[in-house]
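First comes the structure, then the notes that go with it.
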Amino acid sequence: MDELYPDVSAIPLQPLRLDWLDSRGVEVAVLRLDLIDPLLSGNKWFKLSGHLAAAREAGAIGLISVGGAHSNHLHAMAAAGNRFGMASAGLLRGNAQSTPTVQDLRRFGMHLHWLGYAGYRARYRTDFWDCWRARYPGYYCVPEGGGGLVGALGCAPLVEQVQALLPGIGWSDYDAWWLAAGTGSTLTGLVIGEAGRHQVLGALAGPGQHAIGRQIELLLNEAGMAAERGYQIFDACRGGFGRIDDELGRFLLEAEQAAGLPLEPIYTAKALLALQQQVLAGCFPAGTRLLFVHTGGLQGRRAALTQMQRL
Ligand SMILES: Cc1ncc(COP(=O)(O)O)c(C=O)c1O
């Protein structure tokens, strides 16, 4: 088995029982990617797998990428570097601060550089990586969020893999996927894997629906699937990326309690709350069966809970 790809033989697929789903006759099963590994959890390992393989193939001695002080992506990348014998460097947004995530990054041996806010915005400039390549020769540059086509392609096999899990919950088929979307790479991977068979519905954790939509189209183009229209994206950001409001905080705690499902407020709880809105608005007929992808991110729950306690 390829050690750089998660062991998917035992991903739990669990029915989700919540009053608001039952009341509308909508069935949801959760693909618990958060449980695949204590450190490389959620969609992260799937997105990173192709990058890790490319880094190894290129004989890279380390991995370098960008992210925030709570970044799930940098957390997973640092853990992966640590596990698979590659060094890691992280270019962080803002000024130096100590968060539970940053403490873990140090523990995993990642070299940290704080770029400030303007410096971080420069990450889209074509010459941004030049000085970092010079400073870290032999490091493989992982795109933001572990995305790009390589990241998306790491998620595509999930479509095939989930088929084997359906009989375990008594399903022979499903109507659509529902998942949190950031860069849209995970969603794009599922669209590629589905090749039009089922819709993939994405709840956007940040603003910029138009830009993310364009990004998804570009990736599909790159994958040679320009005509593929098997997806839809919904605004779920509630005023901004990382914003946690009262209603979201309460919803998260109630849903966790009612369903026994751990969530975090940046991606998964926002996605579930957006699903609730669609279900209660009658967007899904009774009998609809949805696969909800738990994309992980629970490492970020530690700092988010502190923020929620202040609400
Ligand atoms: C927990 C979690 N869920 C969902 C996403 C969104 O994934 P993508 O950027 O592939 O849309 C991310 C970011 O990568 C994430 O950390």
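A few remarks follow.
- Unique residue being outside any strand (DSSP E or B) and at positive phi when the list is 81, 109, 50: 109
- Of the residues making up the stretch 231-255, those that are without any contact (Cβ under 8 Å) to a residue 40 or more places away in the chain and acidic (Asp, Glu) are 235, 247, 254.
- Looking at 228, 160, 217, just one residue is farther than 22 Å from residue 16 by Cβ and in a loop (DSSP other than H, G, I, E, B), and that residue is 228.
- Residue match in the stretch 54-67 (condition: surrounded by 15 or more Cβ atoms within 10 Å (Cβ to Cβ) and closer than 20 Å to residue 161 by Cβ): no
To keep it simple, each residue is scored yes or no on (1) away from the ligand (no atom under 16 Å from the Cβ); (2) within 22 Å of residue 180 (Cα to Cα).
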site	(1), (2)
56	yes, no
62	yes, no
73	no, yes
87	yes, no
90	no, no
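- Here 26, 8, 66 are screened, and the one residue that is among the β-branched types (Val, Ile, Thr), closer than 20 Å to residue 168 by Cα and modelled with pLDDT of 95 or more is 26.
- Selection status of residue 122, hydrophobic (A, V, I, L, M, F, W, C) and away from the ligand (no atom under 12 Å from the Cβ): yes
- For residue 258, the conditions (1) in contact with a strand residue (DSSP E or B) (Cβ under 6 Å, 6 or more places away or on another chain); (2) away from the ligand (no atom under 13 Å from the Cβ); (3) touching a residue at least 40 places away in the same chain (Cβ under 8 Å); (4) not in a loop (DSSP other than H, G, I, E, B) all hold with the exception of (1).
- Residue count for the stretch 261-286, restricted to those that are within 20 Å of the chain's Cα centre (by Cα) and in contact (Cβ under 8 Å) with a residue 60 or more places away in the chain: 10
- Options 35, 39: the member that is touching a His at 6+ places or on another chain (Cβ under 9 Å) and under 23 Å from residue 255 (Cα atoms): 35
- Assessment of the stretch 289-307 against the conditions (over 20 Å from residue 104 (Cβ atoms), part of a helix (DSSP H, G or I) and touching a residue at least 12 places away in the same chain (Cβ under 8 Å)) yields no matching residue.
- The set of residues in the stretch 12-41 that are in a loop (DSSP other than H, G, I, E, B) and either under 18 Å from residue 84 (Cα atoms) or β-branched (Val, Ile, Thr) (or both) comprises 26, 36, 37, 38, 39, 40, 41.
This table checks each residue for (1) over 24 Å from the mean Cα position of the chain (by Cα); (2) buried (at least 16 other Cβ atoms within 10 Å of the Cβ); (3) within 22 Å of residue 12 (Cα to Cα).
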{"position": "91", "(1), (2), (3)": "no, yes, no"}
{"position": "94", "(1), (2), (3)": "no, no, no"}
{"position": "116", "(1), (2), (3)": "yes, no, no"}
{"position": "119", "(1), (2), (3)": "yes, no, no"}
{"position": "127", "(1), (2), (3)": "yes, no, no"}
{"position": "136", "(1), (2), (3)": "yes, yes, no"}
{"position": "142", "(1), (2), (3)": "no, yes, no"}
{"position": "147", "(1), (2), (3)": "no, yes, no"}
{"position": "172", "(1), (2), (3)": "yes, no, yes"}
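- When the stretch 231-248 is filtered for residues that are part of a strand (DSSP E or B) and either modelled with pLDDT under 95 or of a type in the set (Ser, Thr, Tyr) (or both), only 231 remains.
- Tally of residues being buried (at least 23 other Cβ atoms within 10 Å of the Cβ) and part of a helix (DSSP H, G or I) across the stretch 177-211: 8
- Residue within the stretch 107-118 that is in contact with a helix residue (DSSP H, G or I) (Cβ under 7 Å, 6 or more places away or on another chain) and touching a residue at least 60 places away in the same chain (Cβ under 8 Å) present: no
The values are calculated or read from the model by the stated rules, or taken from the named source; none is laboratory data. Small disclaimer: the values here were computed from a predicted structure and weren't measured. Cβ atoms come from the backbone with ideal geometry, glycine included; neighbour counts cover every protein chain shown.
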